[in-house]
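A.B. asks: Pasting a structure below so you can have a look.
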Ligand code: FAS
Ligand code: PHB
């Protein structure tokens, strides 16, 4: 087979890139290791920056997002029984949209299918060959049959555990990592949200987050030990702990119910440099990971896709290599800013093993500064709604 761009990975990065390229007449083939239903079964992000919304509009996939997404003009931050609001609209003029990553991915799959986009599922043994030449090709197997794609470029959109990053030679790659000494236990429940906005809670017992997917579907998280097993946490145990971590007046109005999904995610900060090697470009989780505290994972994948899409358009439409030559530096400049914000917000909101009473008072002092200082709130709001592309 022959295509212009071989895309490894059928998650949001790969699908969004494929759909944007298609809209400019640039063809691609997406190779996905799992089935479509498996990919859609993952419960991941819930908050979209305006940049991702604009890209979904440009991809022709934003109708349901606009119809069903919820505009949030601020977020709530609590510490003990204290709570205050960061007003996004006042400080930035922009909202965020609450709309699950699952729905973003569903909309993108639907658009690819309507465009008869080529997506191969259940692929195995993907190998990216000759990325450092002008004639790369990708080999892979489907049901035991070996296949080969000749292409101009390869987009590595295969997430943290994919093959793309590892295709870049170790003497070229530089990796930066911070593993956090705790995880997030998340549940999905068909209950109304405890508040109409998200609540990020710092408590002496640990972090908690009250999020949502719609008015009758909630996504709640509590910080948990890395030694915890999701089986250790009954629904009742989760709800009891969650109530202890949010302000008492919010706990009183919390409506609990059975979990329809429950999982523990480890937290890490991770960046690979460079994000390009020859004709291979890394996008999204294939290149970087953030702790979900700042809701930046999916949204930083989106800005990578934007830079790569514009670079490939420049190559095919004006025969300019400027965009592809600048891709890695441009993407990394924004990646590191979202890494910083996610690390800062995680450091502010979580209880770290060995944290002393002094350390906790410093967190409270920073929260009280954020609560009382307009400049601090503006900085927080600008990072949360999304820094410019
Ligand atoms: P993805 O990992 O989503 O997609 C990569 C795709 O490549 C997958 O479908 C995978 O099956 C496929 N693949 C892997 N190896 C392959 C191979 N060798 N060949 C072919 N295909 C291959 N972000 C937030 O903003 N907020 C959150 O709350 C949040 N929660 C998260 C919870 C968890 C448990 C995880 C893991 C991530 C979370 N994230 C969150 C981050 C997440 O949303 C990612 O940023 C987002 O999925 C990035 O999208 P992709 O780059 O497409 O990577
Ligand atoms: C979610 O709704 O899953 C979510 C929202 C905001 C975050 C992390 C996760 O910071």
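Where a number appears in this text, it was derived from the coordinates with a stated rule and is not lab data. This structure is a prediction, so every number in the text was calculated from the model and none was measured. Because the Cβ atoms are built from the backbone with ideal geometry, glycine has one as well, and the counts that use them run over all protein chains shown.
A.B. asks: Return the percentage of antiparallel bridges among DSSP beta bridges fully within the chain, rounded to the nearest 5 %.
C.D. replies: So the antiparallel bridges in the chain amount to around 75 percent.
A.B. asks: While we're looking at this one, here's another question. Taking a ≥ b ≥ c as the square roots of the eigenvalues of the Cα gyration tensor of the stretch 133-176, is the shape rounded (a/c under 1.5), prolate (a/b larger than b/c) or oblate?
C.D. replies: Oblate is the answer for the stretch 133-176, as a/c is 1.5 or above yet b/c matches or exceeds a/b.
A.B. asks: Moving to a separate point now. Quick one: of the DSSP bridges fully inside the stretch 1-128, what percent are antiparallel, nearest 5?
C.D. replies: Counting DSSP beta bridges with both partners in the stretch 1-128, the antiparallel share is about 60 percent.
A.B. asks: Taking 8 Å as the Cα distance limit and 6 or more residues as the minimum spacing, I'd like the relative contact order of the stretch 176-284 as a percentage.
C.D. replies: On the way: 194 pairs, mean separation 42.8, N = 109.
Relative contact order here is 39 percent.
A.B. asks: Calculate how steeply helix 12-23 sits against the longest principal axis of the alpha-carbon atoms of the chain, using the helix alpha-carbon long axis, and give the answer as 0 to 90 degrees to the nearest 10.
C.D. replies: 50 degrees
A.B. asks: To continue, here is another question. Using just the alpha carbons, could you tell me how many Å³ per residue the convex hull of the chain encloses?
C.D. replies: It comes to 143 Å³ per residue, whole-number rounded.
A.B. asks: Separate question: Please build a GNM for the chain, connecting alpha carbons under 10 Å apart, and tell me which residue among 88, 358, 369 fluctuates the most.
C.D. replies: Maximum fluctuation in the GNM of the chain, among the listed residues, is at 358.
A.B. asks: May I pose another question? Principal axes first, then extents: for the Cα atoms of the stretch 69-113, list largest minus smallest coordinate on each axis, whole Å, largest first.
C.D. replies: Answer, in whole Å and largest first: 48, 26, 11 Å.
A.B. asks: When the Kirkwood hydrodynamic radius is evaluated over all pairs of different C-alpha atoms of the stretch 96-197, what value in angstrom, to one decimal, is obtained?
C.D. replies: One decimal place: 17.9 Å for the Kirkwood radius.
A.B. asks: Can you tell me the 0 to 90 degree angle between the C-alpha axis of helix 374-385 and the longest principal axis of the chain, rounded to 10?
C.D. replies: 40 degrees
A.B. asks: Given the options 93, 156, 354, state which has the largest fluctuation in a GNM of the chain using a 10 Å cut-off (strictly under) for Cα springs.
C.D. replies: Of 93, 156, 354, the most mobile in the Gaussian network model is 354.
A.B. asks: Bin by bin, in steps of 10 Å, what percent of the Cα pairs in the stretch 252-320 do you find, going until the bin that has the longest distance?
C.D. replies: The percentages, shortest bin first, are 16, 34, 24, 15, 8, 3, 0.
A.B. asks: If you don't mind, there's one more thing I want to ask. State whether the stretch 1-49 is rounded, prolate or oblate according to the following rule on the C-alpha gyration tensor (a ≥ b ≥ c being the square roots of its eigenvalues): a/c under 1.5 gives rounded; otherwise a/b larger than b/c gives prolate, and the remaining case gives oblate.
C.D. replies: Oblate, since a/c reaches 1.5 and b/c is not below a/b.
A.B. asks: Among 188-195, 128-135, 216-223, what's the highest-first ranking by average C-beta atoms within 10 angstrom per residue?
C.D. replies: Packing order, densest peptide first, comes out as 216-223, 188-195, 128-135.
A.B. asks: With labels modelled as points extended 7 Å from the Cα through the Cβ direction, what inter-label distance (nm, one decimal) is found for residue 121 paired with residue 190?
C.D. replies: Roughly 2.4 nm, to one decimal.
A.B. asks: For helix 297-318, report the angle its Cα long axis makes with the longest principal axis of the Cα atoms of the chain; keep it between 0 and 90° and round to the nearest 10°.
C.D. replies: Helix 297-318 sits at roughly 30 degrees to that axis.
A.B. asks: Could you tell me the distance between the Cα centroids of the stretch 26-72 and the stretch 211-274, to the nearest Å?
C.D. replies: Cα centres, the stretch 26-72 to the stretch 211-274: 23 Å.
A.B. asks: Something else now. For the chain, set up a Gaussian network in which alpha carbons nearer than 10 Å are linked by springs, and say which option among 196, 288, 350 fluctuates the most.
C.D. replies: 196
A.B. asks: Kindly put 372, 303, 78 in sequence by how many other C-beta atoms sit within 10 Å of each C-beta, fewest to most. Let's see the in-between values first.
C.D. replies: Values: 372 10, 303 27, 78 23.
So the residues, fewest neighbours to most, are 372, 78, 303.
A.B. asks: Quick one: check the C-alpha center-to-center distance for the stretch 280-340 versus the stretch 2-23, whole angstrom.
C.D. replies: Taking the Cα centre of each part, the stretch 280-340 and the stretch 2-23 sit 14 Å apart.
A.B. asks: Something else: Is it possible to state the helix-based mean residue ellipticity at 222 nm for the chain, with each DSSP H run of 4+ residues giving -39500 (n - 2.57), the sum divided by total residues, to the nearest 500 deg cm²/dmol? What is it?
C.D. replies: Details: 13 runs with 149 residues, N = 389.
The per-residue figure over the chain is -11500 deg cm²/dmol.
A.B. asks: Got the relative contact order for the chain handy, in percent, Cα pairs under 8 Å and 6 or more residues apart?
C.D. replies: 20 percent
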